[in-house]
Amino acid sequence: MTASPEHVDSRADLAAFVRALHRSHAEEGSSWENEDLASFLEALAAWIEDADGWYRNAGRELPADGDWSFFARALRAATLYE
């Protein structure tokens, strides 16, 4: 996959990043560690819980000003949105 989360600085960038993930899954999803939705969502939740460790290991600080509710709303909306 070529898209990088380091280049997501706007809502449009986030949408493009998610579309790149979708393309990656369509093309090579069988090579993903979490190729089905259930394992993907479980891994997502686990990573969110452990994100401070990832940031610490990367020598970065966990962003304090993230809009967590926006991301949660987006995930929830995807269960209904066409």
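All of the numbers you see were taken from the coordinates with simple rules; none came from a lab. Because the structure is predicted, anything quoted here is derived from the model rather than measured. All Cβ positions, even for glycine, are placed from backbone atoms using ideal geometry, and neighbour counts span all protein chains on display.
With helices defined as uninterrupted DSSP H runs, which ones in the chain have an alpha carbon span along their own long axis of at least 24 Å and mean Kyte-Doolittle hydropathy of at least 0.0?
Helices meeting the criterion: 37-57.
To the nearest 500 deg cm²/dmol, what mean residue ellipticity at 222 nm is calculated for the chain from DSSP H runs of n ≥ 4 alone, each contributing -39,500 (n - 2.57), summed and divided by the residues?
-20000 deg cm²/dmol
Could you rank the peptides 12-19, 24-31, 54-61 by their average count of other C-beta atoms within 10 Å per residue, with the highest value first? Provide the component values of the computation, followed by the final result.
On the way: 12-19: 13.0, 24-31: 11.4, 54-61: 9.4.
Result, highest mean Cβ count within 10 Å first: 12-19, 24-31, 54-61.
So for each of 65-74, 34-43 I average, over its residues, the number of other beta carbons within 10 Å; can you give me the resulting order with the highest mean first?
34-43, 65-74
Could you list the square roots of 5 times each eigenvalue of the Cα gyration tensor of the chain, that is, the equivalent ellipsoid semi-axes, sorted largest first and rounded to whole Å?
Sorted largest first and rounded, they come to 21, 17, 15 Å.
Let me know the shape class of the range 36-80, please: from the alpha-carbon gyration tensor, a ≥ b ≥ c as square roots of the eigenvalues, rounded when a/c is under 1.5, otherwise prolate if a/b is greater than b/c, or oblate.
Oblate shape, in that a/c is at least 1.5 and b/c is the bigger or equal ratio.
With label points built 7 Å along Cα→Cβ from the Cα atoms of L37 and F17, find their separation and express it in nm.
2.2
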